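Here the structure is laid out as structure tokens; the discussion comes afterwards.
The values are calculated or read from the model by the stated rules, or taken from the named source; none is laboratory data. Quantities reported herein were computed from a predicted structural model and do not represent experimental measurements. Every residue, glycine as well, gets a Cβ built from its backbone with ideal geometry; the counts of neighbours run over all protein chains shown. Ligands, DNA and RNA are stripped out before the accessible areas are found, and what is left, the full protein with its side chains, is counted by its heavy atoms. Shrake-Rupley method; radii C 1.70, N 1.55, O 1.52, S 1.80 Å.
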Amino acid sequence: MAAEEPQQPQPEPLAGSDADGVNCLAYDEAIMAQQDRIQQEIAVQNPLVSERLELAELYKEYAEDDHVYQEKIKDLLQKYSYIRKTRPDGNCFYRAFGFAHLEALLEDGQELQRFKEVSARSKEELVAQGFTEFTIEDFHNTLMELIERVERRVPLPELLAAFNEPATSDYLVVYLRLLTSGCLQRHRRFFEQFLEGGRSIKEFCQQEVEPMCKESDHTDPCLSVCLSLAGGGAHVQGERPHPHHH
């Protein structure tokens, strides 16, 4: 006669606060899973940087009776003929800025040399501000490697392919974010007057500028200032009657 197996102790039901905690954890995990699915869908549908497209294609993205946006597109058509789309992942400004400027430098050797010199010494300037050299070195190297590709006059499709490699593209974005943070902190006396909530400019940079996937919220001109560039982009924003150029 086989011996009976000892009964396993049954788990006690969770107390109210414990059950609430488990439910909250499951809810948070569900939200994170949903966000991951959304990001995966965005990644499948949108390259990091697109091929060149006719600017008139923007008309298809807004309703015909949305007169504000339709008028903004008309304004853009007076100045531009083509666009490139970037993946809407929170890094789109920095990625667009980096690609657009390097693309332009393929046709401007003199500005390329000036930009190379500014970029080369930018790491030392960040280190002097307190950024750790070991932490930022790889990101800086990525920028310099891309500049060297432009210096060799690589075909445009090769530059575009580099920007669609997540590792290369994201490393560049990280470094451009650090450059923006450094610029804001160097000019803290000016920029702190625009901050709300009692945050210091350093806190603002650590929370809103340096982390990946944080939207660029009025910090975009700082990057142009940092690299001594004349900006050349535009935002199509709902609250403005015309596109906002920078």
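Can you name the residue in region 163-204 that is outside any loop (DSSP other than H, G, I, E, B) and acidic (Asp, Glu) and is also least open to solvent (accessible area, probe 1.4 Å) among such residues? It comes out as Asp170. Applying a threshold of 6 Å to beta carbon distances and a minimum spacing of six or more residues, or different chains, the list of pairs starting in region 50-77 at a residue that is over 20 Å from Arg95 (Cβ atoms) and ending at one that is open to solvent by 50 Å² or more (accessible area, probe 1.4 Å) and not in a helix (DSSP H, G or I) reads Tyr69/Tyr62; Asp75/His242. Considering region 89-106, the residues that are charged (D, E, K, R) and modelled with pLDDT of 95 or more include one that is least open to solvent (accessible area, probe 1.4 Å), namely Arg95.
Among the residues of region 151-162, write down those that are in a helix (DSSP H, G or I) and in contact (Cβ under 8 Å) with a residue 24 or more places away in the chain. Hits for region 151-162 are Glu151, Leu156, Leu159, Leu160. Only a single criterion out of (1) farther than 21 Å from Asp89 by Cβ; (2) within 12 Å of the chain's Cα centre (by Cα); (3) of a type in the set (A, V, I, L, M, F, W, C) is not satisfied by Leu184, namely (2). How many residues are in a loop (DSSP other than H, G, I, E, B) and of a type in the set (Ser, Thr, Tyr) if we restrict to region 42-71? Summing the residues that are in a loop (DSSP other than H, G, I, E, B) and of a type in the set (Ser, Thr, Tyr) in region 42-71 gives 2. For region 55-66, indicate whether the set of residues that are basic (Lys, Arg) and at pLDDT below 95 is non-empty. Yes. Of the conditions (1) modelled with pLDDT under 75; (2) open to solvent by less than 60 Å² (accessible area, probe 1.4 Å), His218 satisfies every one except a single condition; which number is it? Just one mismatch for His218, condition (2). If you filter region 110-150 down to residues that are β-branched (Val, Ile, Thr) and in a helix (DSSP H, G or I), you find that the one that is most open to solvent (accessible area, probe 1.4 Å) is Thr135. Every condition in (1) touching a Ser or Thr at 6+ places or on another chain (Cβ under 7 Å); (2) closer than 24 Å to Glu148 by Cβ holds for Cys92 except the one numbered (2). Quick test for you: out of Gln78, Gln70, pick the one residue that is open to solvent by less than 50 Å² (accessible area, probe 1.4 Å), more than 25 Å from the chain's Cα centre (by Cα) and modelled with pLDDT of 80 or more. When all the criteria are applied, what remains is Gln70.
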